[in-house]
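Here is the structure we will look at, set down as C-alpha cells.
The values are calculated or read from the model by the stated rules, or taken from the named source; none is laboratory data. The shown structure was predicted, so the numbers you read here are calculated from the model rather than taken from an experiment. No Cβ is skipped: glycine too gets one built from the backbone with ideal geometry, and neighbour counts run over all protein chains shown. Calculation scope for accessible area: heavy atoms of the full protein, side chains included, ligands and nucleic acids excluded. Shrake-Rupley method; radii C 1.70, N 1.55, O 1.52, S 1.80 Å.
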Amino acid sequence: MHYRAIIFDFDGTIADTLEQTRHIYNQLAPEYGLRSVEAHEMDTLRNFSLSELLSHLEISAFRVPSLLARGTAMLRERISQIPLIPGIAEILPSLRAEAHVFGILTSNATDNVNLFLDTHGLRSHFTFVSSTSKLTGKAKHLKAIRKTFSLKSTEMLYIGDEIRDVKASHKAGIPCAAVTWGFNSRDSLHAADPTHLIDSPHELLSLRRS
C-alpha cells in the first residue's frame with residue numbers, strides 16, 4: 001500500500017453528524033443573537049469554506065470557541081443517536097489491515113469519538129484518536145503525527161469531508177482524500193484541489209492500489 005498512515009476526520013467522514021449539528025446550532029443560536037439554519041439552506045451552505053460560512057451566518061471569530069465547546073458537549077448527550085456513514089464500517093477492516101498507522105484527527109472531543117466508536121464496535125481498528133482545540137488547528141497536528149510515527153509526508157493520507165481538511169493537508173504537506181458525502185459539496189471540494197476525490201466509502205479501497 002502506498003500510504004503507511006491513514007488518518008480520518010470524524011464528523012461527516014465517519015459519523016453522520018450533519019443534521020444533529022444543525023439542530024444543536026439552532027438550539028444555541030438565540031443565546032448568541034444568531035439566526036437559525038433551516039434544512040433547505042444546507043445545499044447552499046455546503047459550498048462555503050469555513051470563513052465564508054462564518055461570515056454568511058454573521059458569527060464573529062471570538063464566539064467560535066464558545067459555540068464549539070458547548071456544541072461538542074451537547075453532541076455527547078446525543079452520540080448514541082448518530083448513525084455511521086453508510087458503508088464506512090465495511091471498508092475500515094480492509095484499510096486497517098494494510099496501514100501501519102490508522103487514526104482519527106478531529107475538532108470534536110476525543111470522548112465523543114471514543115464513545116461513538118465503542119457504540120459501533122469500531123474502536124479497536126484505530127491506533128489513536130486525537131483532537132484539536134480549534135477548527136483550524138489540524139495542519140499542526142498532522143505534522144506532529146508525522147514526526148511521532150517517523151513517517152515521510154508522502155506516506156500519510158488525511159481523509160476528510162471539508163475544504164478546511166484539504167487546506168490543512170496542503171499546509172502540512174501531505175496527501176488528502178476529500179469525501180463528498182459530508183459537509184462540503186463535491187464542486188467545492190474539487191476546487192480545493194485534494195489529492196483524491198472520493199464519492200463513496202468503497203472507493204477508498206482503491207487507494208490501496210495508489
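Taking residues in segment 85-101 that are more than 17 Å from T13 (Cβ to Cβ) and open to solvent by 10 Å² or more (accessible area, probe 1.4 Å), and partners anywhere that are assigned to a loop (DSSP other than H, G, I, E, B) and not polar (S, T, N, Q), the pairs with Cβ atoms closer than 7 Å and at least 6 places apart or on different chains are E98/M1; H100/R4.
Applying the criterion of being over 12 Å from M156 (Cα atoms) and either assigned to a loop (DSSP other than H, G, I, E, B) or among the aliphatic types (A, V, I, L, M) (or both) to the residues of segment 167-184, the residue that is most open to solvent (accessible area, probe 1.4 Å) is W181. Contact map, segment 112-140: residues that are in a loop (DSSP other than H, G, I, E, B) paired with residues that are open to solvent by less than 60 Å² (accessible area, probe 1.4 Å) and among the charged types (D, E, K, R), Cβ distance under 7 Å, separation 6+ or inter-chain. Pairs shown: T132/K138; L135/R164; T136/R164. Evaluated against (1) part of a helix (DSSP H, G or I); (2) farther than 24 Å from H190 by Cβ; (3) open to solvent by 10 Å² or more (accessible area, probe 1.4 Å), A29 falls short on exactly one condition, (3).
Applying a threshold of 7 Å to beta carbon distances and a minimum spacing of six or more residues, or different chains, the list of pairs starting in segment 142-161 at a residue that is in a loop (DSSP other than H, G, I, E, B) and ending at one that is aromatic (F, W, Y) and crowded, with 19+ Cβ neighbours inside 10 Å reads D161/F183.
Can you say whether A61 is free of Cβ contacts under 8 Å to residues at least 12 places away in the same chain and under 17 Å from the mean Cα position of the chain (by Cα), as far as the supplied structure shows?
Details: free of Cβ contacts under 8 Å to residues at least 12 places away in the same chain: yes; under 17 Å from the mean Cα position of the chain (by Cα): no.
Criteria not met by A61.
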